[in-house]
Amino acid sequence: MAEFVEFLPGADEPIVLADVKAHCRIDADMTLDDEFITSIVIPGVRQQAETRTGSIIRQARYVQRLQRFPVNGVPIAITHGLVGAVERITYALPGGDGRGSIPTNAFEAAVIGRETLVAPIASLWPDAGGGLRAVEVTYTAGMSARDFVSRYPSVRAWMLLAAGWAYENRELFFVESRHARGLSELPEGYQATLLDPIAIRPRF
């Protein structure tokens, strides 16, 4: 699993207030629910899409922690899809003598299918100490709102459908985490195939 760190500067939601109001046929001069749509509905449906697909939509930074490097130079599979860049890899030095860092020119990241894999340029990962955060991989994921909408129109369509449903069923909202407010699960099978272009396949 990976932990959210922060949204990147300038990272916008892939749909905006005007999109949702047009989809829900809300007159532009009707502003009573604008704050609800902007702060609850839009981030809620985006987070729902990210949870369902395993891919990050709004650009953000994450840290993935491992108890050890994979053996024999086996690549690290990044938790999320739509990875932008692997920024750094740090690890606990053997014997508890602080942390080391792998230079960015000593590993490579490649998208295989829809999954990002990170492998050492050399044949093996370095020796690392133990612990729950023995290895930390910091990466960015997501796309600019403009690029995302142009590349994945079906996902945008799903988000608008979900926004319409969420707007009409607002009593199902709840606080999901300390980072964002979200909504409860949409009805099973609710246009889920629209999310397929960014869905990460199960690894097992």
Options ALA60, ALA49, ALA106, ALA85: the member that is over 27 Å from ASP12 (Cα atoms) and either touching a helix residue (DSSP H, G or I) at 6+ places or on another chain (Cβ under 8 Å) or modelled with pLDDT of 95 or more (or both): ALA106
Pick from the range 18-49, criterion in contact (Cβ under 8 Å) with a residue 12 or more places away in the chain and among the charged types (D, E, K, R), ranking: surrounded by the most Cβ atoms within 10 Å (Cβ to Cβ): ARG46
First in the range 78-101 and without any contact (Cβ under 8 Å) to a residue 12 or more places away in the chain and not assigned by TED's automatic domain parsing to the domain that holds TRP125, second anywhere and part of a loop (DSSP other than H, G, I, E, B) and surrounded by 21 or more Cβ atoms within 10 Å (Cβ to Cβ), Cβ under 9 Å, 6 or more apart: none
Enumeration of residues in the range 109-144 that are surrounded by 13 or more Cβ atoms within 10 Å (Cβ to Cβ) and closer than 25 Å to PRO9 by Cβ: ALA109, THR116, VAL118, GLU136, VAL137, THR138, TYR139, THR140, ALA141, GLY142, MET143, SER144
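Listed here are the residues, each with its yes/no results for (1) modelled with pLDDT under 85; (2) assigned by TED's automatic domain parsing to the domain that holds GLY84; (3) in a helix (DSSP H, G or I).
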position: VAL137; (1), (2), (3): no, yes, no
position: PHE148; (1), (2), (3): no, no, yes
position: ALA162; (1), (2), (3): no, no, yes
position: GLU171; (1), (2), (3): yes, no, yes
position: ARG178; (1), (2), (3): yes, no, no
position: GLU185; (1), (2), (3): yes, no, no
position: GLY189; (1), (2), (3): yes, no, no
position: LEU194; (1), (2), (3): yes, no, yes
Scan of the range 77-96 for residues that are farther than 16 Å from LEU132 by Cα and of a type outside the set (Lys, Arg), ordered by number: ALA77, ILE78, THR79, HIS80, GLY81, LEU82, VAL83, GLY84, ALA85, VAL86, GLU87
Odd one out for ALA110 among (1) of a type in the set (A, V, I, L, M); (2) free of Cβ contacts under 8 Å to residues at least 60 places away in the same chain; (3) not assigned by TED's automatic domain parsing to the domain that holds PRO70: (3)
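The values are calculated or read from the model by the stated rules, or taken from the named source; none is laboratory data. None of the values given here were measured: they were computed from a predicted structure. Backbone-built Cβ (ideal geometry, glycine too); neighbour counts: all protein chains shown.
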